[in-house]
Every structure is written in structure tokens, then in C-alpha cells.
Amino acid sequence: MHLKKLELKNYRNYKHIKLDFENRAVLLAGNNGNGKTNLLESIYYLSSGKSHRTNLEDELINWDADFCLLRAVIGSPGGDNDDFLLEIEMRRQNRAKIRVNKVYVQKKTDFIYILPSVIFSPDDLRIIKSSPSQRRDFLDSILEKIEKGYSRLRLQYNKVLLQRNGLIKSISGRITASHMSTLEVWNENLIKYGSEIIERRLALAGRLKGIFGSHIEDFFNGTSADMKYIFSWDRQENNGFNSESGNTVIVKPAHMDGDGQLYGGIRKIFESRLAGNQERDLSYRTTTTGPHRDDLAIFFDGKDVRSFGSQGQQRIAAVSLKLCELQILKEDLGKNPILLLDDVLSELDIERRKKLIHIINDCYQTFVTATNVSYLDNLDVDFNRKYLIRNNAVTQLDY
């Protein structure tokens, strides 16, 4: 699948634009602040049903308008008769209306598998450098794209977590039989949904590990990479609480046997730890055990990249994670995702740019933004389309 046509009305800084593409690399050039990232964001929204920059859909609508429209023709290998017409209309303070081939769909999960995409921007360095929530979100975003029921599973877990935390906050003084009865109900559901989330994340992390190691070896010859899923019950902070403050995580020995399997299974350990941490939960007035406090640790030559990696190593680690996502989407969805690179090449040295370009020229429709295109001259990028973005307009370049 690939993006053949894109039309935007009142989207961000664009009043009305229409663009045509082929299934090859596309260059979007222009100075900062002219809307290159907005254009990539619109493509990602058509792919995923959400922005990678904001959770507020009203921010996507042009300041002078009360609605915006995104329209795309998505091509398939079968030819024009198999193309999809995807339309998304957003109005202020209203839910987005989505149509596929002029038929309304109720849920975003009904269309996000049509045009899978992977977006990478300099801000994605947060996956490596920032708090555990960024790495959990990375895993969850992939699972939502490849498993139709995963988004609902996360929603169910978060609802139960909210209810449990609300109960804990309401308890002052001695815990009563009524409190315990309600707490047991929330515990049972927290364990049920939480164990499923952990199991799926673990399986995904296992797949990512091998692909990630191959990319790191390619970018840094002789460097060995490792990846470990860190359970909430194996995390510890200096204050004894696995906070989300972004402090360095100290990992205790995990409950693994010689074959790397969890003793007793995830559900049993989760149940035991949740019960064992009840007093601590009451003291901190929040739930301290569960997948909402898990982490993903990444190592180069045995050292945690987050704490001991150089800026260059951290950047390549983030790029490699996105390349892992690209491959997994391709394998699981049976189609080539679109690759969206927002001013990424300028952040890499010449050798790493060349390696990334090799992937771009391989088989993916790729959109690349750049402020200064001179560094692309010696990279042998086969751009089929080149556009200049200036003054809220997009113009095709002939050179």
C-alpha cells in the first residue's frame, strides 16, 4: 500500500492543498516554521487516527476555520480498482468523522490497518532518554497497530487502575471489611488485564531484541546490543519507590529460571506482588505494581544506553527502534508501511545517513523533510517527487 493522493483543507497552516505521489521517496524541503512537520503529521493521522504531537484534535484545525478535512487515495498493488478513499473530517469539540470508500466507520481500528506508517522525528530521542512511560508507549503503539484488541485491553486496564487508585485515596485510617471486599474486586481485574498486557509486551520485546541487535551491529560494527523488559516489581528507585520521575532505574534480579522463563508465570507473580505491596500502596496512595510502571532497558556492550550512552549512540538506538517497528509492521500486516522522517538525516553523520538511505531506497515509500538539502547531494537518494514548502503552500520542484 502507498499514498497516491493527499488533500488537506484547513489543516494546521494549510488552507487547501492537493498533492500526488508515487510509491517512492518524496522530499519535502523548506525553512523551519513553514509546515513540513504538519504535512507529515497529516499523513500519520490518516494512518493511525492520531497525531504524534498532540492529543487535542482541535489544535489540528486552522485558526480561521471551524473544521478541517483530510482526504487520501491509498494505492494497492492490485491497481486503481483496489484503491481506498479515506476521508477524515474534524470539527471543533466534536469527534472526528471517518469514511472509507464513502462509508462511515465508527472506530479508528476500522481503518488504521489500511495504511500503516512509522514516523521518526528528533523528539523521538525521548524514547531512549526520557522516563519509562516513553518506552512503554513505544511498545504499546506497535501492539495497537498489529493487534486489533490491544487498544481496548489497555483501556480496560486503565479504567480498573483508576478505580483502584480512587479507592486507595479514599481510605483514611483503618481499612475496613468493605474496603477489602472492593479492593479484591479491583485487584482481580487489574491482574487479569495487566497480565495480558505484560505477556504481549514481553512477546514483542523478544521480537524487537533480535532485529534491534542486527541494526546496531550494522550502524556500529562490533557493538553488541541487548534489550530487557523490566517488571515493576523488579524496579527500585533511591527512595524505594519505582517512580516515573526519570531517575536511573536500579534493576533487581528478575524471577527467571535458567531458560529465561518466569517462575510460576506472570499472573501468579503479579498477584503475589500486588498483595505484598498493599501497605506500600496505601502509604503512597497509588498502585505501585503493574504494567503501568514497567520499563524497557536497552544496553550497548552491557551498559545502559540511557545512562551511559553518548548522544550519537542514543540517537542511533532511537532510529533503530523505529526501524524495528517498520519491520514488524511489514511482517504482521503483510504490507510495506510508509516511513516518515522528520529532519532526521541532518542529525546523523555521513556514514549513518548512508545506511539509513539504503533502507529508504529499498522498498518503502518514504517522506523526508529537510531545511538544507545540500547534505543530500552525495547520498544517492532516489527522490521521485520534490516539493518546496513556503508561505503555507506546497510547490513541486522540477530538479
>> Assuming 0.36 nm per residue, please report the length gained on full extension of the stretch L333 to D66 beyond their Cα-Cα distance.
In response: 92.6 nm
> Helix 350-360 versus the longest principal axis of the chain: what is the Cα-based angle in degrees, 0 to 90, to the nearest 10?
Replying inline: 80 degrees
> Between N158 and K18, what FRET efficiency comes out of the Förster formula 1/(1 + (r/R0)^6) with R0 = 51 Å and r the beta carbon distance, rounded to 0.05?
Replying inline: 0.80
>> Shape verdict for segment 122-237, please, from the Cα gyration tensor: rounded (a/c under 1.5), prolate (a/b greater than b/c) or oblate.
In response: prolate
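About the Cα centre, and with charges only on the beta carbon of Lys, Arg (+1) and Asp, Glu (-1), how big is the dipole of segment 49-108? Nearest 20 debye, please.
Working: 11 positive and 10 negative charges, 67 e Å.
Computed charge dipole of segment 49-108: roughly 320 debye.
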>> Which of the three applies to segment 1-157, rounded, prolate or oblate, going by the alpha-carbon gyration tensor with a ≥ b ≥ c and a/c under 1.5 meaning rounded?
In response: rounded
>> Positive end of the dipole of the chain, charges at C-beta (+1 Lys, Arg; -1 Asp, Glu), about the Cα centre: which of S76, L190, L323 has its Cα farthest in that direction?
In response: L190
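Once the Cβ-Cβ distance between N31 and N55 is put in as r, and R0 is 25 Å, what FRET efficiency do you end up with, to the nearest 0.05?
0.35
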> For D382, D66, D83, what's the fewest-to-most ordering of other Cβ within 10 Å of each Cβ?
Replying inline: D382, D66, D83
>> Restricting to bridges with both residues inside the chain, how much of the DSSP beta-bridge set is antiparallel, in percent to the nearest 5?
In response: 70 percent
> Between segment 379-399 and segment 277-355, what is the C-alpha centre distance in whole Å?
Replying inline: 30 Å
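Which peptide among 311-320, 268-277 comes first, and what is the full order, when sorted by highest mean count of other Cβ atoms within 10 Å?
Numbers: 311-320: 21.3, 268-277: 17.4.
Taking the mean over residues of other Cβ atoms within 10 Å, the ranking is 311-320, 268-277.
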> Of M180, I338, L296, which is farthest along the charge dipole of the chain in the positive direction, counting Lys and Arg as +1 and Asp and Glu as -1 at C-beta?
Replying inline: M180
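Per residue, how big is the convex hull of the chain when only Cα atoms are used? Give it in Å³.
On the way: hull volume 63.8 nm³, N = 399.
Hull volume over Cα atoms, normalised by residue count, gives 160 Å³.
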> So, by mean Cβ neighbours within 10 angstrom, what's the order for 40-49, 22-31 with the highest one leading?
Replying inline: 40-49, 22-31
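With contacts defined as alpha carbon pairs under 8 Å and 6 or more residues apart, what's the relative contact order of the chain in percent? Write out the running numbers ahead of the final one.
On the way: 647 pairs, mean separation 103.8, N = 399.
Relative contact order comes out at 26 percent.
Does segment 8-101 come out rounded, prolate or oblate, given a ≥ b ≥ c as the square roots of the eigenvalues of its C-alpha gyration tensor, rounded meaning a/c under 1.5 and, failing that, prolate meaning a/b above b/c? Mind showing how you got there, number by number?
Values: a/c = 2.02, a/b = 1.25, b/c = 1.62.
Oblate.
Work out the length of the dipole vector of the chain about its Cα centre, built from +1 on the beta-carbon of each Lys and Arg and -1 on the beta-carbon of each Asp and Glu, and round it to the nearest 20 debye.
Around 1100 debye, computed over the chain.
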> Against the longest principal axis of the chain, how steep is helix 36-48, in degrees 0 to 90 to the nearest 10, with axes from Cα atoms?
Replying inline: 60 degrees
>> At 7 Å along Cα-to-Cβ for each site, give me the label-to-label distance between N221 and S272 in nm.
In response: 4.8 nm
>> What are the ³J(HN,Hα) couplings of segment 84-91, residue after residue, when phi is run through the Karplus curve with 6.51, -1.76, 1.60 and θ = phi - 60°? Round to Hz, x for glycine and proline.
In response: 10, 9, 10, 10, 10, 10, 10, 10
>> Using helices alone, I'd like the mean residue ellipticity at 222 nm for the chain: each DSSP H run of four-plus residues gives -39500 (n - 2.57), total over residue count, nearest 500.
In response: -12500 deg cm²/dmol
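What's the ranking of 143-154, 332-343 by average number of surrounding C-beta atoms within 10 Å, highest first? Before the final figure, lay out the partial values.
On the way: 143-154: 17.8, 332-343: 19.9.
Ranked by mean Cβ neighbours within 10 Å, highest first: 332-343, 143-154.
List the relative contact order of segment 54-104 as a percent without decimals, with contacts defined as Cα pairs under 8 Å and 6+ residues apart. Working shown, then result.
On the way: 75 pairs, mean separation 15.9, N = 51.
Relative contact order of segment 54-104: 31 percent.
Only the coordinates and a few stated rules stand behind these numbers; no lab work does. Everything numeric in this text was worked out from a predicted model, so none of it was measured. Quick reminder, even Gly has a Cβ in these numbers, built from the backbone with ideal geometry, and neighbours come from all protein chains shown.
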